[in-house]
Number of protein chains: 2
Amino acid sequence: MRSDKFAGMARTQGSHAGITGPKVREAALSLFARHGYAAVSMRQIAGEVGVQAGALYNYTPDKQTLLFELLKGHMTDLLAAWRGQDAPGDPVAALECFTRFHIRFHSERPEEVFISYMELRNLDPDNFEKIEDLRRQYEGALEGILRRGVVQGAFDVAEPKIVAMAIIAMLTGVNTWFRESGRLSLPEVEEIYWRMVRKAVMA
Amino acid sequence: MRSDKFAGMARTQGSHAGITGPKVREAALSLFARHGYAAVSMRQIAGEVGVQAGALYNYTPDKQTLLFELLKGHMTDLLAAWRGQDAPGDPVAALECFTRFHIRFHSERPEEVFISYMELRNLDPDNFEKIEDLRRQYEGALEGILRRGVVQGAFDVAEPKIVAMAIIAMLTGVNTWFRESGRLSLPEVEEIYWRMVRKAVMA
DNA sequence: CTTTTATCTGAACATGCGTTCAGATAAGTT
DNA sequence: AACTTATCTGAACGCATGTTCAGATAAAAG
């Protein structure tokens, strides 16, 4: 029952709100990103939602699960969005697709990205393992592209797994400085990074 | 007086220890890296040192300053170590020097690196600005190398500042996976990353 | 040996934490 | 209209937090 509500099932009965669940997750996301999981109290989250702290426990069994659901949702969305790209078969085109997709997706969700990289250590071991598994799947997608490119002779990459991690680290770094209002537009940023990625792996 | 002690002046008088100051910083560093600044209590740090919580205040005016001094010390060491490299004048050789230096230095200090990237948001604005300034100086070193390479026609880089940040993000990512005991040695890792960096920026 | 002093203890302070729960509230159902 | 039930309040729970400080301790200085 609780999990149904948490998953976003329409609440057809109740008293005041009807959208408290999403608001709780939005408030938690924003506060965790700004101040860090450990530094944010349930009372602060409740305050942002406009509710007393006790009411939060209608939407999450505890604080830890609230964090976990945010991270899991982000990683699940990321994987689903990537799979929805149906990337080209050609490795070079696929790599370009991945590069642009990663920058675009991550720039649209700076808060999720931030906590996904910062708050992993605040997950208990079980939850951590689940998130890590999703992350490895995403890395594996890029690694597969690289391996296919090597087989076809398009890429010169001795260690596809490590190069995949290096590329992802580089692309994710965009989020530390990119601002919508800045000098460069997102397509321009994509272009700069795609040039680097392409040249770095090309045979 | 207190700042002298904190800076490491020999304590020629006192009671029990004589090395409590360094031990406090080591314990704080290790615990902050493992659990995060906000999640670590002064009592935990004191416990690791083998002292009561109150005694910590002989070595830091407060918890915030303890974090700040760790970050400042790390960034200062990093800049000093880089300046001690006297990098070659040739941009390509200098870039190789920077790449290998960055990987080596960071792999030797995983805890400092971790908190330097994770705990910036826990600094109050004044302290944050000071650390950011040091970080910009370090980025500027790489940016300078890139600019010189562009002028000499060795590099093809349209946005040296952004490419510098991208390279640093990529190189720092080594710390997320590299283990001394792993399959690859540090020189092998340096080689893999240097290949990527060189190819990515070469004209 | 006595004095000085840096260092540490142990208790206390006010405040905040995550979480629980009985009871109030208001919307949906009949 | 009365009934049901999801939702929220407000108070309470035990416990932890950063920081302070009077007093104990032991090493160095004379």
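The values are calculated or read from the model by the stated rules, or taken from the named source; none is laboratory data. Note that the structure is predicted; figures quoted are calculated from it, not measured. Neighbour counts are summed over all protein chains in view; Cβ atoms, including those assigned to glycine, are modelled from backbone coordinates with ideal geometry. Just the protein is used for accessible areas: all its heavy atoms, side chains included, with ligands, DNA and RNA removed. Shrake-Rupley method; radii C 1.70, N 1.55, O 1.52, S 1.80 Å.
Here are A:E132, A:E119: which of them is crowded, with 19+ Cβ neighbours inside 10 Å and within 13 Å of chain B (Cβ to nearest Cβ)?
Numbers: A:E132 fails: crowded, with 19+ Cβ neighbours inside 10 Å.
Within the list A:E132, A:E119, the selection yields A:E119.
In the set B:A203, B:A158, only one residue is modelled with pLDDT under 95, under 21 Å from A:V201 (Cα atoms) and either open to solvent by 50 Å² or more (accessible area, probe 1.4 Å) or not assigned by TED's automatic domain parsing to the domain that holds B:L78 (or both); that residue is B:A203.
When you go through B:L70, B:L66, B:L78 one by one, which is the residue that is in contact with a helix residue (DSSP H, G or I) (Cβ under 8 Å, 6 or more places away or on another chain), more than 14 Å from every other protein chain (Cβ to nearest Cβ), within 30 Å of B:L186 (Cα to Cα) and within 16 Å of DNA strand D (Cβ to nearest atom)? Please lay out each step first, then the result.
Values: B:L66 fails: within 30 Å of B:L186 (Cα to Cα); B:L78 fails: within 16 Å of DNA strand D (Cβ to nearest atom).
B:L70 is the lone residue from the list that is in contact with a helix residue (DSSP H, G or I) (Cβ under 8 Å, 6 or more places away or on another chain), more than 14 Å from every other protein chain (Cβ to nearest Cβ), within 30 Å of B:L186 (Cα to Cα) and within 16 Å of DNA strand D (Cβ to nearest atom).
Can you pull out every residue in segment B:153-172 that is without any contact (Cβ under 8 Å) to a residue 40 or more places away in the chain and of a type in the set (D, E, K, R)? Answer for segment B:153-172, where residues must be without any contact (Cβ under 8 Å) to a residue 40 or more places away in the chain and of a type in the set (D, E, K, R): B:E159, B:K161. Comparison of B:S181, B:S107 shows that the only residue that is touching a residue at least 12 places away in the same chain (Cβ under 8 Å), among the polar types (S, T, N, Q) and closer than 27 Å to A:R121 by Cα is B:S107.
Got a sec? Which of B:G50, B:G18 is in contact with a Lys or Arg (Cβ under 9 Å, 6 or more places away or on another chain), on the phi > 0 side of the Ramachandran plot, modelled with pLDDT under 95 and within 13 Å of DNA strand D (Cβ to nearest atom)?
Working: B:G50 fails: within 13 Å of DNA strand D (Cβ to nearest atom).
Exactly one of B:G50, B:G18 is in contact with a Lys or Arg (Cβ under 9 Å, 6 or more places away or on another chain), on the phi > 0 side of the Ramachandran plot, modelled with pLDDT under 95 and within 13 Å of DNA strand D (Cβ to nearest atom), namely B:G18.
This table checks each residue for (1) open to solvent by less than 30 Å² (accessible area, probe 1.4 Å); (2) in a helix (DSSP H, G or I).
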residue: B:V51; (1), (2): no, no
residue: B:Q64; (1), (2): no, yes
residue: B:L79; (1), (2): yes, yes
residue: B:T99; (1), (2): yes, yes
residue: B:H106; (1), (2): yes, yes
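With the requirement that a residue be more than 13 Å from chain A (Cβ to nearest Cβ) and either crowded, with 21+ Cβ neighbours inside 10 Å or within 11 Å of DNA strand C (Cβ to nearest atom) (or both), what does segment B:28-49 give you? Listed by number, the residues that qualify are B:A28, B:L29, B:M42, B:R43, B:I45, B:A46, B:G47, B:V49.
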